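All remarks here apply to the structure that follows.
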Amino acid sequence: MPDLRQTRKHIKIALAIMLTADVVAMVVLLSPLVGSTASRRQELNELWAELRTKTRQVEPLKNLDKKVVIANRQIDDFYNKRFPSQDSQIFTTIGKLAVSNGVTIEQAKNRVDEENTGHLHPVELEAEFSGSYVSLAKFINALERDDLFFLIRSITLAGEQKGPIRLQVKLETYLKGT
């Protein structure tokens, strides 16, 4: 027959352990170290907001390896399309734009900076054009919109009451290095 005293003793020990665990849980729940339910909920909401913010911040970094490949291809396309490899291409483009807009090239000269060790060599152009005001405005607009990369540094207008208007332009562009 089982010993009731031994069983009773084990039950008392188990009840004492459970009562101690309840007291510890109650102390932790009501302790100022843990905080109230409202403060824990507020902290949880703040942590969720911080998680959303950080997730939005790293969103552009998704698929970064693919974006780098695309960017490199776009850079190569930009260099091939916008920068000539010979200075004759620059003058050919300016000549075509002048003819298509009814502008006459009076004179043009350039200076290539070969000392630049990079892939691009700056080319400074000084040109003088003549034509009507409208044709010169269209020419400048076409020059800015052309596929070749032109930076207009300065424009000077001069003219007489009767006759064409003269336009002096200082441009900068770049040649691809070899």
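Treating region 45-109 as a set of equal point scatterers at the Cα positions, no solvent, please give the Debye-formula log₁₀ I(q)/I(0) at q = 0.19 Å⁻¹. Debye curve over Cα of region 45-109, log10 I(q)/I(0) at q = 0.19 Å⁻¹: -0.85.
Dipole magnitude for the chain: about 1340 debye, using +1 per Lys or Arg Cβ and -1 per Asp or Glu Cβ, origin at the Cα centre. Among 162, 62, 81, which one shows the biggest mean-square fluctuation in a GNM of the chain, springs joining Cα atoms closer than 10 Å? Looking only at 162, 62, 81, the largest GNM fluctuation is found for 162.
On alpha-carbon atoms, Rg over Rh for the chain using Kirkwood Rh?
Values: Rg = 39.4 Å, Rh = 23.8 Å.
When Rh is taken as the Kirkwood radius, the ratio is 1.65.
Here the Karplus relation 6.51 cos²θ - 1.76 cosθ + 1.60, evaluated at θ = phi - 60°, turns the backbone of region 147-152 into coupling constants of 5, 5, 7, 10, 10, 8 Hz, with x for every Gly and Pro.
Calculated on the alpha-carbon coordinates, the convex hull of region 6-46 measures out at 59 cubic angstrom per residue. Between residue 9 and residue 26, the modelled labels are 2.9 nm apart [label points 7 Å from Cα along Cα→Cβ].
Just so you know, all these numbers are worked out from the coordinates, no wet-lab data involved. A quick note: this is a predicted structure, and the numbers were derived from the prediction, not measured. Because the Cβ atoms are built from the backbone with ideal geometry, glycine has one as well, and the counts that use them run over all protein chains shown.
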